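None of the figures in this text is laboratory data; all of them are computed from the coordinates on show. These numbers come from a predicted model, not from an experiment. Here the Cβ positions follow ideal geometry from the backbone for every residue, glycine too, while neighbour counts run over all protein chains shown.
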Amino acid sequence: MFQHNRIHDIIKHSTLDTIDTKILIMHATKFTHSYLIANPNKELTLDAMLLLTEIIKRRQKGEPISYILGYKEFYGRRFKVTKDTLIPRPETELLVDIVLSIIKPGDVILDLGTGGGVIAITLKLECDNLNCDVDITALDYYPDTLKVAKDNGDILGANVKYVLSNWFDDISCDYPTQHLFNIIVSNPPYIAPDDVHLKDLSYEPKSALTDNKDGYAHITHIIKSAHKFLKSHGYVILEHGYNQAKHIQELFKLHGYDNIKTIKDYGQQDRITMARIL
Ligand SMILES: C[S@@+](CC[C@H](N)C(=O)[O-])C[C@H]1O[C@@H](n2cnc3c(N)ncnc32)[C@H](O)[C@@H]1O
């Protein structure tokens, strides 16, 4: 355990950066940031010190802070994250913005590979705020992952449907008719297994990051299959890697979509490609 138990001393002697240390102290003590600043000489209790020691060690080993805290902010809301869910990224907020810019009352929307449910739940809650009634389904392949999405939906009060399925395989069980969705949105696993970036993401579920093929296996499957489940003039909107836009545009063309468009993220990287069926 640390030799120091005063707030100021813990921050001064921590090997982590100051922001991380403060966040972990706040987590271990439930103190607010203003309290930390106003009370630098406050001594932490033994229980708080034991917890802080443990979580500082986890952080030192490289565990992302969101997994230690058990949550991540997305679109101004707090979402539970666990080892079964990807930590939502800020780029995905842009995906939500794009869907919100085209959504209409009465639309039926599918979020494929929902993870902790951030896209589906945010869309539903933002539409509720606009009095825009939409029907949203969140789908994932992994029961433990989908459970986190459901928990988030319950905590945040979002009326979303949840489907456990390997992509579209079980959609027809819940939806006997075809051509159902106005918008299919997805941030699928798109990293190739030999991508150097994967090693920096070792705490996140591999199944959320890579297709174990070439990075395009899930994307191709979604593009190929989606038009059977879309209403006419329906959209597919996909988040992808910064260097994948051209190939994804070609896949959309090959499978008969039009109005194909790529949008850059806030870092000016190609990040989202969308297309429409006739
Ligand atoms: C990149 S994560 C996206 C999570 C969340 N939508 C987000 O944007 O933060 C991809 C998600 O796809 C899910 N997934 C992987 N393979 C799948 C499959 N065959 N069918 C359905 N979902 C799958 C993973 O479990 C994971 O939650």
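Applying the Karplus relation 6.51 cos²θ - 1.76 cosθ + 1.60 with θ = phi - 60° to the range 272-278 yields 3J(HN,Hα) values of 9, 10, 10, 7, 10, 9, 6 Hz, where x marks Gly and Pro.
If a spin label sat at a point 7 angstrom from the Cα of TYR35 along the line to its beta carbon, the backbone N atoms of the range 43-84 nearer than 13 Å would be those of 43-45, 48. Relative to the compact-globule estimate of 2.2 N^0.38 Å, the Cα radius of gyration of the range 7-62 comes out at 1.01. Checking the Cα-Cα distances for LYS22/LYS147; LYS80/LYS150; LYS83/LYS150; LYS57/LYS80; LYS22/LYS72 against a 20 Å cut-off, the pairs over it are LYS22/LYS147; LYS57/LYS80.
Helical runs (DSSP H, four residues minimum) scored at -39500 (n - 2.57) apiece and divided by the length of the chain put the mean residue ellipticity at 222 nm at -11500 deg cm²/dmol.
Close amide H pairs (under 5 Å, H built 1.01 Å from N) link TYR71 with VAL81, residues at least 5 positions away or on another chain.
In this structure, the amide hydrogen of ASP211, modeled 1.01 Å from its nitrogen in the peptide plane, lies closer than 5 angstrom to those of ILE191, counting only residues at least 5 positions away or on a different chain.
Excluding same-chain neighbours fewer than eight residues apart, the aspartates and glutamates reachable from LYS213 by a Cα-Cα span under 17 Å are ASP194, ASP195. Within the range 236-278, all pairs of alpha-carbon atoms sorted by distance into 5 Å bins from zero give the percentages 6, 27, 36, 18, 10, 3, 0. Compactness of the chain, taken as the C-alpha radius of gyration over 2.2 N^0.38 Å, stands at 1.13.
Extension gain, ALA217 to ASN5, is 71.2 nm, computed as 0.36 nm per intervening residue step minus the present C-alpha separation. Shown here for the range 1-100: chymotrypsin sites (Phe, Trp or Tyr not before Pro) in loop regions (DSSP other than H, G, I, E, B) with at most 16 other Cβ atoms within 10 Å, namely PHE2. Take every DSSP beta bridge with both residues inside the chain and express the antiparallel ones as a percent of the total, to the nearest 5. Looking only at bridges with both residues in the chain, the antiparallel portion is about 45 percent. Sequence-ordered 3J(HN,Hα) estimates for the range 136-149 from the Karplus curve with 6.51, -1.76 and 1.60 and θ = phi - 60° stand at 10, 10, 10, 10, 8, 7, 10, x, 5, 6, 4, 5, 5, 4 Hz, glycine and proline given as x. In order along the range 181-188, the phi-based Karplus estimate (6.51 cos²θ - 1.76 cosθ + 1.60, θ = phi - 60°) of 3J(HN,Hα) comes to 9, 7, 9, 10, 10, 7, 10, x Hz; Gly and Pro are listed as x. Each residue in GLU73, GLU43, GLU204 was given a count of other beta-carbon atoms within 10 angstrom of its own, and listing them fewest first yields GLU73, GLU43, GLU204. As a proxy for reagent exposure, ranking MET274, MET49, MET26 by other Cβ atoms within 10 Å from fewest up yields MET26, MET49, MET274.
Of all aspartates and glutamates in the structure, the ones whose alpha carbon falls short of 13 Å from that of LYS42, not counting any fewer than 8 places away in one chain, are ASP9.
Other residues lying with their Cβ under 9 Å from the Cβ of CYS127 contribute a combined charge of -3, Lys and Arg counting +1, Asp and Glu -1. From least to most packed, judged by other beta carbons within 10 angstrom and beginning with the fewest, LEU251, LEU69, LEU110 follow the order LEU69, LEU251, LEU110. Between the alpha-carbon centres of the range 185-259 and the range 65-109 there is a gap of 18 Å.
Of the chymotrypsin sites (Phe, Trp or Tyr not before Pro) found in the range 159-261, those that fall in a DSSP loop while having at most 15 other beta-carbon atoms within 10 Å are TYR203, TYR242. Restricting the calculation to alpha carbons of the range 145-278 gives Rg and Dmax of 15.7, 43 angstrom. Using R0 = 35 Å, the C-beta based FRET efficiency linking ILE155 and HIS13 works out to 0.45.
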